[in-house]
1. Cβ under 9 Å from L215's Cβ, L215 left aside: what net charge do those residues give with Lys, Arg +1 and Asp, Glu -1?
2. What is the dipole size for segment 157-294, taken about its Cα centre, with +1 at each Lys and Arg Cβ and -1 at each Asp and Glu Cβ, in debye to the nearest 20?
3. Any idea what the dipole of the chain comes to, in debye rounded to 20, about its Cα centre with Lys/Arg Cβ at +1 and Asp/Glu Cβ at -1?
4. Using the charge dipole of the chain (Lys, Arg: +1 at Cβ; Asp, Glu: -1 at Cβ; taken about the Cα centre), state which of T300, G204, G57 has its Cα farthest towards the positive end.
5. Round to the nearest 10 and give me the degree value, 0 to 90, for the angle of helix 185-203's Cα axis relative to the longest principal axis of the chain.
6. If you average the C-alpha positions of segment 81-114 and of segment 142-216 separately, how far apart do those two centres end up, in angstrom?
7. Going by a ≥ b ≥ c, the root eigenvalues of the Cα gyration tensor, does segment 1-156 fall in the rounded group (a/c under 1.5), the prolate group (a/b larger than b/c) or the oblate group?
8. Can you sort D66, D16, D266 by how many other beta carbons sit within 10 Å, fewest first?
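What follows is calculated from the coordinates using simple rules that are stated; it is not laboratory data. Here the structure is a predicted model, which is why all the values come from computation and not from measurement. Please note: Cβ atoms are built from the backbone with ideal geometry, for glycine as well, and neighbour counts cover all protein chains shown.
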Amino acid sequence: MPDAQTGRPLACSIGDPAGVGPELICKAWTRREAEGLPPFFVVGGAGLLAQAASGRGLDVPIEVIDDAADAASVFGEALPVLGSGDIDYSPAEPSRGGAKLALDSLESATGLVMLGEASGLVTGPVSKGLLATVGFEHPGQTEFLAHACGIAADEAVMMLAGPNLRTVPITVHCALAEVAAMLSIRLIGRKAMIVAEALARDFGIERPRLAISGLNPHAGEDGKFGDEEARIIVPAIEALRAAGIEASGPHPADAMFTPRARAGYDVAICMYHDQALVPLKALDFDAGVNVTLGLPIVRTSADHGTAFDIAGKGIADAGATIAAIRMAGEMAARRAMHG
Ligand SMILES: NC(=O)C1=CN([C@@H]2O[C@H](COP(=O)(O)OP(=O)(O)OC[C@H]3O[C@@H](n4cnc5c(N)ncnc54)[C@H](O)[C@@H]3O)[C@@H](O)[C@H]2O)C=CC1
Ligand SMILES: NCC(=O)COP(=O)(O)O
């Protein structure tokens, strides 16, 4: 049955076929009933999905569909696959052909969600480096989706969410050496505002508490270890408070992820990628979801990458993929109900 609130299935892009994406989507399908997952279909890769499943000893009948609307009726008995893209399946052997398949799947799945034929997008893990070799001009899928939806790249906000923590990196796919120069009062304020609005709209947290990190050790130690806190982060927090947002900080990043500290906020807004993703993955790797906030469409993904090192070995954990599918379904249902 389709999701009761949306009546439409989720669209899953397959990710890099040499990575763990295909086997994890098959694994998620086998656990659809136990996990109470909403209906989903995969865009492309019928042959390699069948091979990925059998290689992992999973009984996953594949059914090719011509229309996303057919996915829900198929889902109970088979994994629905839309589209003809396929490739010889070679787990752990990344190739440009595989990257091209991943890109085609991402673009088609995004298009179907934007057309309203699917209620949300769950992306499989891709290799950014390989995608760049086949014409992908964005640092990541988050920025691609902003472009596809016609919004500025920094209006699409990456949030990592797990059972124990939510974190947002203000700067994302850039060299650490560039971070300080990229930070601005406007960037922090705008992204934090999008986070506050999305936590209310998509997660039902009406008045979210935002904890904003410093950039430097000890949040700058009164300027001794850097002045970005005084020049940029404090004014951004003041502007957020003036706009009615419950924002605290700048917090020394080393102390803001203790259990006691985490009890005091709904989301940690961090200044750079690893400041946000290290604690999330340390606490919640097997249930962590990467969700893009600020988009007109719903998009989630597992928190991990392609894991080429373990692809095809049957040891990859499907928890984060299942969590991403579940979260996309819940967000889509909430949007269908509340707008
Ligand atoms: N959402 C996405 O599409 C993401 C893509 N990537 C891409 O993935 C590629 C590899 O990146 P890495 O930094 O190595 O991260 P990774 O997440 O692929 O792997 C890091 C470590 O975690 C393990 N691991 C990952 N997923 C696992 C799972 N489901 N079960 C058990 N162990 C798992 C891997 O075996 C490896 O030891 C890069 O090309 C990067 O661009 C990375 C993060 C997210
Ligand atoms: N480390 C997170 C990550 O790389 C996810 O990027 P995206 O492809 O979702 O933009």
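1. That works out to -2.
2. With Lys and Arg at +1 and Asp and Glu at -1, about 260 debye.
3. For this selection, approximately 680 debye.
4. So the residue we want is G204.
5. For 185-203 against the chain, the angle is about 50 degrees.
6. 28
7. Since a/c reaches 1.5 but b/c is at least a/b, the shape of segment 1-156 is classed as oblate.
8. Listing D66, D16, D266 from fewest to most nearby Cβ atoms yields D66, D266, D16.
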